[in-house]
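What follows is one structure encoded as C-alpha cells, with my remarks underneath.
The values are calculated or read from the model by the stated rules, or taken from the named source; none is laboratory data. All of these numbers come straight from a predicted model, not from anything done at the bench. Every residue, glycine among them, receives a Cβ derived from its backbone with ideal geometry; neighbour counts consider all protein chains shown. The area values use the complete protein model at the heavy-atom level, side chains included, leaving out ligands, DNA and RNA. Shrake-Rupley method; radii C 1.70, N 1.55, O 1.52, S 1.80 Å.
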Amino acid sequence: MKSQSNLTVNYPALPELTFRGMFLGMLITVIFTASNVYLGLKVGLTFSSSIPAAVISMAILRMFKDSNILENNMVQTQASAAGTLSAIIFILPGLLMLGYWQGFPFWQTLLLCGCGGSLGVLFTIPLRRAMVVNSDLPYPEGRAAAEILKVGSDIRESEANGNTGAKKETGMKDIVGGTALAGIVSLCANGFHILSSEFSYWISLGKTATTQLPMGFSMALLGAGYLIGIASGIAILVGTLLAWAVFVPYLTSVLTPADGQAAAAFAKAVWAQKVRFIGAGCIGIAAVWTLIRLAKPVVDGIKMSISALRANDTEEKKALHHTDIDMSPKSVGIVFIAILIGLFITFYTFVSAAGLPAMVSIIYIVVGILVAVLMGFFVAAACGYMAGLIGTSASPISGIGILGIIVSSLVVLAIGSSFGVFTNPEGTKFATALAIFITSVIVSIASISNDNLQDLKTGYLVGATPWKQQIALILGSVIGAFAIAPVLNLLYQAYGFPGALPRAGMDPTHALAAPQATLMTTIAQGIFSSSLDWNYILLGIGVGIIAIIVDLLLTKHTKALALPPLAVGMGIYLPPTLEIPLVIGSVMGYVIHKYLKTRAAQRSPGHEDEDVDACSHRGVLFASGLIVGESLMGVIIALLIVVSVTSGGSENPLALVGNDFQGTADILGILCFIATIVIFARHVLITKFTPGK
C-alpha cells in the first residue's frame, strides 16, 4: 500500500465540532433516516447521505461568516449515519415476519442500532492508518465529498477576498455541471419516469436456459466507476460474467421453472435464490483474505496509535498534528463499556422474554454479545475495504448480512441443541429470532464501518481531526437510532410486511417488500430446519479462492494488473444493472487517462504530468458532481414519495407517463446515458493546459 499524503490539504486548526453544526447534522440525520428506511423497505436500496449532507451544510452554514470547511465536514460526517444505519431494515423486520414481534419496541431497537453503530465507529479506529492514510484504495465518495468541500471553501475564500479567480471558479463549474446533468437525468428517470433507470434484454439459450444483457443508467455509479479505477471495474465485470454468462444460464437449463413462470422471471428467481449465495460465499472468503492481508498494516497502525496516544501528557504531544489524533484509549474504553452495558440490557430483555432456564438464558446473552462483537470486528474491516474499493452506495451490506445470519444461526443452533431448546416449535421460533437479533447488531456495525472510513478519507483529504469525526459519527449513530423505531412502526402500521400484517383485512399486495429481511429470515429458517442448500455457498468459496490465487499471480508480476477478489464477489452478488455503470465508468476513466498521457507527450513536452493532472482533476470534479446530483435528487424524490404516501397519495407523485411508455423510456434512457458519456469525456479532454500555470 502507498501513502496518499500528497492529496491532503492541511487547513489551519479551525473550529470543527460546533453546536450549530451538530444541530444541523441532527436535523439532516433524522430526515434522511426516515427517507432511507422507507426506500430500503420498499425496493431494497438506500442512498448515501454524506454528499447531500455536505452540500446542504455548505448552503446553510455559508450564511454564517465564520463557518469553515472543517465544520461542514463534521456535519456530513454526522449525517452520513442516516444513509448507513438505516441498513438495519435489511434484517430487523424479520422478527415481525416470524411472528415473534408485533411491532418494534422503542428501547430495544434504539439500543440495538445505537450500540451497533457506535461499535462500528470504534472498530474502524485501528483501521484508519492502514486503510485511509497508507492505502491506495480510491474511496470514490470520500474523494468526491472532499473535492466538493474544498471547492466550496475556495470559492467562499475568494469571495471574501473580493477575488473570483478563474481556477477556483472553474472547479465549481465542473462540479455544478456534473450535478445539474445528473440531477436532471435522475428527475426524469426516477421522478417523471420518462427515462428508464435500467434496461435488460433477455436471451433464451435452448429450452429453458436464460440470461440477460443488462444496462443501468445511474449517473452516480458512472461517476463512481470513473473514480474506482480499471482493476476494480474489470473484477466486477468478471463477477457479472460469471453470474450471468455461466451460473444463471446453467442453472436455468437444469432446474424446472414453476408452471406458467416466464423465462425472465425464472432467471431472476434463480439468481436471487441460488447465484447470490455463490456471491455471498465469494465475498466471505475474500473478506477473510482481506483481513489476513490487512493484519500487518492494521497491527502497525495500532502500534502507531498507541505510541501517539502515550504522548498525551508529554512534550511529544505538541509535535503531533491534529490530523493524526484518534480518540484516546480512555475515551474508547468508556464508550466500549457503555456499549457493552447497552447490549447486555437489550439482549437480556430479549432473551428473558422467552422463559428459558436461567443458565441457558445467561449463555445465550453472553454468547450472543460475543458473536456480535467478534463478527462485528471482522465485518468492519471487510466493509471498510469494500467501501474504499467501490464506494458506500454500491457496497453489498446485505451480503455481509447473509454471512452474519449464517454464523449467528449456527452458533444459536449449536447451543440450543446442547440444551434441548428445539423440543417444541416455540423454541425453534425463539432461536431463529435470536439469530436475527444478533445479526441486527452485526449489520449495524457493518453499515457504520462501511461509512466511517469513507468519512475519515474525506477528513484526511481536507485536514480534519480524526477523533472529532469519530465523536460526530457516534453522535449520528445515536440520533439515527432514535429515529428508526418510530419510522419502522409507522410504516409497519401503514403497510405491513410479507406475512406480517398488523390488521385484518389489509391488502397483502401493498405490503412493503423488505427483500433483504425476507431473504435473511428464510436463510435462518432453512438452517434451523436443515433445509438450507450449502452447495452454492461452498461453490462461492471455491470461486473466491480461485480469484485470490489469480490476483496474487497478477500482482506478483505487475502492479498494473489485479483482480480484487472482493470485487469479483460483489460482481456476482449485486444486481447487474448497478454494476454495468461502474464498469463503464472505470473503463472510460482508463481510456481517457491513456489518451491524456499520449496527447500530453505530444503537446506539452516536459510538462506531461502537469497536463494529465490538470485534466484528471477536472474529471474527478465532474464525476463528483454526477454523484452529488443523483444523490441530492434521490433525497428530494424520496421525501416527496414519503410525504405523498403518508398522506394517502401516489407512490409516484411526479410521474408524467404510465407503464405503456416503458418502451420509449428505455430508448430515451440509453440515448441519454450515451450522451452523458460523450459529454463527460469531452468535458475532460477540452481542458487547455499552459505550461508554467
Selected residue (only one of Gly99, Gly94 is open to solvent by less than 30 Å² (accessible area, probe 1.4 Å) and more than 16 Å from the chain's Cα centre (by Cα)): Gly94
When the stretch 183-207 is checked residue by residue, the ones that are in a loop (DSSP other than H, G, I, E, B), polar (S, T, N, Q) and open to solvent by 40 Å² or more (accessible area, probe 1.4 Å) are Ser197
When you look at Met219, is it crowded, with 19+ Cβ neighbours inside 10 Å, touching a Leu at 6+ places or on another chain (Cβ under 6 Å) and within 29 Å of Ile677 (Cα to Cα), yes or no? yes
Ala182 being at pLDDT 80 or above and under 22 Å from Leu685 (Cα atoms): yes
Quick check: is even one residue across the stretch 249-257 touching a Pro at 6+ places or on another chain (Cβ under 8 Å) and closer than 23 Å to Ile541 by Cβ? no
So which of Ser67, Ser5 ends up being surrounded by fewer than 23 Cβ atoms within 10 Å (Cβ to Cβ), over 30 Å from Ile405 (Cα atoms), of a type in the set (Ser, Thr, Tyr) and modelled with pLDDT of 70 or more? Ser67
For residues in the stretch 355-384 being open to solvent by 50 Å² or more (accessible area, probe 1.4 Å) and closer than 21 Å to Ile402 by Cα, which is farthest from the chain's Cα centre (by Cα)? Leu370
Being among the aromatic types (Phe, Trp, Tyr) and in contact with a helix residue (DSSP H, G or I) (Cβ under 9 Å, 6 or more places away or on another chain) is the filter here; which residues of the stretch 194-224 pass it? Phe199, Trp202, Phe217
Just to be sure, is Phe350 farther than 30 Å from Pro138 by Cα, of a type outside the set (Val, Ile, Thr) and either open to solvent by 10 Å² or more (accessible area, probe 1.4 Å) or at pLDDT below 80 (or both)? no
Just one of the numbered conditions (1) modelled with pLDDT of 80 or more; (2) aliphatic (A, V, I, L, M); (3) open to solvent by less than 40 Å² (accessible area, probe 1.4 Å); (4) within 27 Å of the chain's Cα centre (by Cα) is not true of Ile674; which one? (3)
Can you tell me which residues in the stretch 475-494 are of a type outside the set (A, V, I, L, M, F, W, C), farther than 16 Å from Phe32 by Cα and surrounded by fewer than 21 Cβ atoms within 10 Å (Cβ to Cβ)? Asn489, Gln493
Contact list, first residue from the stretch 262-280 and farther than 20 Å from Ile397 by Cα, second anywhere and outside any helix (DSSP H, G or I) and of a type in the set (A, V, I, L, M, F, W, C), beta-carbon distance below 6 Å, six or more apart or interchain, is Ala264/Trp202
For the stretch 566-605, give me each residue that is β-branched (Val, Ile, Thr), within 17 Å of Leu227 (Cα to Cα) and either open to solvent by 40 Å² or more (accessible area, probe 1.4 Å) or over 30 Å from the mean Cα position of the chain (by Cα) (or both). Ile584, Val587, Val591
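Is it the case, given these coordinates, that Ala224 is part of a helix (DSSP H, G or I), touching a residue at least 60 places away in the same chain (Cβ under 8 Å), open to solvent by less than 10 Å² (accessible area, probe 1.4 Å) and of a type outside the set (D, E, K, R)?
For Ala224, the condition - part of a helix (DSSP H, G or I), touching a residue at least 60 places away in the same chain (Cβ under 8 Å), open to solvent by less than 10 Å² (accessible area, probe 1.4 Å) and of a type outside the set (D, E, K, R) - is met.
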Can you tell me which residues in the stretch 337-379 are hydrophobic (A, V, I, L, M, F, W, C) and not in a helix (DSSP H, G or I)? Ala353, Ala354, Leu356
